[in-house]
Amino acid sequence: MKKTLVNMIQSMEDKAIDCNRNPKVQFASAKNILILLGRVTLLFTFLYLSFLMLAITFQYIPFDLQVAFLATKQHIIQFQYYQIAFFSHVFSSIFILLLGSTQFIESIRRKTPLIHRYFGLTYVVGVVCISAPAGFVMGLHGNGGIIAQTSFCILSSLWFYYTLRSFLAIKKRNILKHKNYMILSYALTLSALTLRLHKYILANTTDMHRIDIYRIVSWSGWVINLVIAYIIINHNTSTKAITQKAH
Ligand code: HEM
């Protein structure tokens, strides 16, 4: 008995050594390490940019109509409807960004489905009833003229649409549609981070005028995210089809 056990362990060790010498296995583990590194980098970038977004949001407390970005909106901030749109957008969006990020963590969905449901409902109400309509109103007066204004208005309309479709899908118990629309919705939520990231990169690597940079990032900030979201959805669909065929 003892001898058989020793033999088994020996054979397992031999196999492990063989695997380590196998170039295919080596390539697979290098790929896994790269994927892990990529994920960790994305996570830290997200945390860092969300922290910056939180700091930007705190600038508007206590209520002040001259502070930060509002200095560029003095011609419009005197109007009450703009004030309502601005402050409701800024203070709801930060919760939307943070709550939304937890919805893609599988362990939360599995272990605490109630949290997933309440956070999800808050996200949907926040986007559909507050932040997207407010973003649209602000978009009509966005800096950067008609180019940026068109972009902000399309962005807020799509944000509203995808989020609502995701909610309606789960009401009908269509989990796949719910998930795909939520991926699209959250990709647009993340545009708050990517827009500011693109702006920072362009401002520090080119000689372009500030307003031209703003026009470019008002589009690149969400269009690139949307393309990535569609690639992820396609990839998920084809992986699922392959797994189903294999079974
Ligand atoms: C994805 C949909 C969104 C749309 C359509 C949108 C739209 C807008 C618009 C039009 C402005 C004013 C820009 C201008 O006048 O030039 C603005 C400003 C702002 N938005 Fe959004 N936004 C969105 C998402 C978010 C999110 C997720 C956050 C927070 C995490 C956020 C936080 C802010 C803040 C803090 C400002 C004030 C500007 C500043 O201080 O940097 N937005 N948004």
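What follows is calculated from the coordinates using simple rules that are stated; it is not laboratory data. Values in this document were obtained by computation on a predicted structure and should not be read as measured data. Note that we place each Cβ from the backbone using ideal geometry, even for glycine, and neighbour counts take in every protein chain shown.
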Output the 0 to 90 degree angle, nearest 10, between the alpha-carbon long axis of helix 145-171 and the longest principal axis computed from the alpha carbons of the chain. 50
Okay, helix-only estimate at 222 nm for the chain: each DSSP H run of n ≥ 4 adds -39500 (n - 2.57), divide by all residues, round to 500 deg cm²/dmol; what do you get? -28000 deg cm²/dmol
Considering the chain as a Gaussian network with a 10 Å cut-off on Cα pairs, which listed residue, P23, P133, P62, attains the greatest mean-square fluctuation? P23
For L176 and L34, what is the calculated FRET efficiency with R₀ set at 22 Å and r taken between the beta-carbons, to the nearest 0.05? 0.15
So what's the angle, to the nearest 10 degrees on a 0 to 90 scale, between helix 23-58 and the longest Cα principal axis of the chain? 20
In nm, to one decimal, how far is the modelled label at L121 from the one at T57, with both set 7 Å along Cα→Cβ? 2.1
Test of understanding: ordering S93, S238 by Cβ neighbours within 10 Å, fewest first, what list do you get? S238, S93
Angle, helix 191-205 long axis vs. longest principal axis of the chain, Cα atoms, 0 to 90°, nearest 10? 80
Quote the relative contact order of the chain in percent (integer), defining contacts as alpha-carbon pairs under 8 Å separated by 6+ residues. 13
Could you count how many Lys pairs in the chain have their Cα atoms under 26 Å apart, skipping same-chain pairs fewer than 8 positions apart? 21
Order of M53, M182, M138, M208 - criterion: other Cβ atoms within 10 Å of each residue's Cβ, fewest first: M208, M53, M138, M182
Computed P(r) (all Cα pairs; the chain; 10 Å bins; percent): 6, 23, 30, 18, 11, 6, 4, 2, 0
What is the gain in length, in nm to one decimal, between I84 and I147 on full extension, counting 0.36 nm per residue of separation less the C-alpha to C-alpha distance? 20.3 nm
Derived scalar couplings ³J(HN,Hα) [region 125-134; Karplus, 6.51 cos²θ - 1.76 cosθ + 1.60; whole Hz; x for Gly, Pro]: 4, x, 6, 6, 8, 10, 5, 5, x, 5
Relative exposure of I231, I170, judged by other C-beta atoms within 10 Å (fewest first): I231, I170
